[in-house]
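Following: one structure in structure tokens, then a few remarks.
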Amino acid sequence: MSIPLNDLQRRILDLAQERGALILAHYYQPLEIQDAAHVVGDSFEMARQAKEAEEDMIVLCGVRFMAESAKILSPHKTILLPAPDAGCPMADMVEPEDVLALREKYPNAAVMCYVNSSAAVKAVSDVCCTSSSAVRIARQMDAEEIIFIPDRNLGRYVAEQVPEKTFYFHPGFCPIHDRVTADQAKQAKTRYPHAVFAVHPECQEAVLAEADFVGSTSQILDFARTTPAAEIIIGTELSIVERLRRELPEKKIFSVSAGFICPNMKKIQLEDLYNALEKGVYEIKLSEAEIHAAKTSLDRMVAL
Ligand code: 13P
Ligand code: SF4
């Protein structure tokens, strides 16, 4: 579907061409940012695109851990984050010391680190994963015991899918997804009895238990596009709901709860994106040592 662009969006794309920059956007970004991006994806697709892109400059419309991951995977590229304070509260819930303490407690376990984490935490982990790759990577890892950090909900979901391994969890969570309750899920299903329910694995176990489909942002989008169901309840951020309503006008798309919004993902406005391209701000800076230490676990993720 081609979306008509407004004047500022056209100027952004012209300026990106002039600067030789690639604009990447996450699916939780406001739709007007997604429309002004060259590529829109989930965390995994963004990381892979950043690594494979020919452009030397990448403007990443998302949150800090995504921009840091792009920098770690492509250290020679300039990575810009248009809103420097766009963080992820879940990523801030775990420190390298927590990981080292868990390693001491479970000396035979390998550390699997959700990409929603800082470079310093990735540096003390064995492998990274995203929500779309976590189950596959856990199965393929050469370890019988896995410490999963920082998301307890995604960790439990992976453990359920990979029962042959033993998992230990860190108590981190996404404040936006974890807020949804099983009661809200049940109420939505009662209100829309013909709808199927698709949910992100950052939601609580009891919410996932109500779902017909569990997946990453792009997997939820694919599910909605391909399911024969005409009504879908979405258990993730509002921009996914908005994108689907626009893309699939023949289907009815509902949100599982009101106010399902990640405020950090809404910090970048079109003006910030233009400003980033015009002034070359805000550049992600990591030391060579930080990049080197975190690269192994992220490279493994992309390879697996
Ligand atoms: P995805 O990997 O599904 O894009 O999720 C990223 C995220 O931050 C979800 O809250
Ligand atoms: Fe972080 Fe949650 Fe926002 Fe995703 S939705 S970026 S996990 S706070």
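Among the residues of segment 59-74, those identified as under 16 Å from CYS128 (Cβ atoms) and either touching a residue at least 60 places away in the same chain (Cβ under 8 Å) or within 15 Å of ligand 2 (Cβ to nearest atom) (or both) are GLY62, VAL63, ARG64, PHE65, MET66, ALA67, GLU68, SER69, ALA70, LYS71, ILE72, LEU73.
Mind checking which residues of segment 244-266 are closer than 18 Å to MET1 by Cβ, among the charged types (D, E, K, R) and within 15 Å of ligand 1 (Cβ to nearest atom)? Hits for segment 244-266: nothing passes. Listed here are the helices (runs of 4 or more DSSP H) enclosed by segment 186-304 that have at least 2 residues being hydrophobic (A, V, I, L, M, F, W, C), more than 16 Å from ligand 2 (Cβ to nearest atom) and under 21 Å from the mean Cα position of the chain (by Cα): 217-226, 270-279, 288-303.
In summary, GLU288 fulfils each of the numbered conditions (1) buried (at least 17 other Cβ atoms within 10 Å of the Cβ); (2) more than 30 Å from ALA195 (Cβ to Cβ); (3) of a type outside the set (Ser, Thr, Tyr) with the single exception of condition (1). When you check TYR106 against the structure, is it touching a helix residue (DSSP H, G or I) at 6+ places or on another chain (Cβ under 9 Å) and among the aromatic types (Phe, Trp, Tyr), yes or no? The answer is no for TYR106.
Beta carbons closer than 6 Å, at least 6 apart along the sequence or on distinct chains, pair a first residue in segment 255-271 that is closer than 14 Å to PRO89 by Cα with a second that is surrounded by fewer than 17 Cβ atoms within 10 Å (Cβ to Cβ) and of a type outside the set (A, V, I, L, M) for ASN264/GLY87. Here GLN29 passes the criteria (1) under 16 Å from ALA83 (Cα atoms); (2) in a helix (DSSP H, G or I) except the one numbered (2). In segment 158-175, the condition of being aromatic (Phe, Trp, Tyr), within 16 Å of ligand 1 (Cβ to nearest atom) and free of Cβ contacts under 8 Å to residues at least 40 places away in the same chain is met by no residue. Number of residues in segment 190-223 that are of a type in the set (Asp, Glu) and either closer than 25 Å to MET46 by Cα or modelled with pLDDT under 95 (or both) equals 2.
So that you can scan it fast, the table gives a plain yes or no per residue for (1) at pLDDT 95 or above; (2) within 16 Å of ILE146 (Cβ to Cβ); (3) within 16 Å of ligand 1 (Cβ to nearest atom); (4) not aromatic (Phe, Trp, Tyr):
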{"position": "VAL63", "(1), (2), (3), (4)": "yes, no, yes, yes"}
{"position": "GLU68", "(1), (2), (3), (4)": "yes, no, yes, yes"}
{"position": "ASP85", "(1), (2), (3), (4)": "yes, no, no, yes"}
{"position": "MET93", "(1), (2), (3), (4)": "yes, no, yes, yes"}
{"position": "GLU97", "(1), (2), (3), (4)": "yes, no, no, yes"}
{"position": "ASN108", "(1), (2), (3), (4)": "yes, yes, no, yes"}
{"position": "MET112", "(1), (2), (3), (4)": "yes, yes, yes, yes"}
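Selection over segment 32-58 of residues that are within 16 Å of ligand 1 (Cβ to nearest atom) and part of a loop (DSSP other than H, G, I, E, B) gives a count of 2.
The values are calculated or read from the model by the stated rules, or taken from the named source; none is laboratory data. Only a predicted model underlies this, so the values are computations on that prediction, with no experimental measurement involved. Using ideal geometry, Cβ is built from the backbone for each residue, glycine included, and neighbour counts are taken over all protein chains shown.
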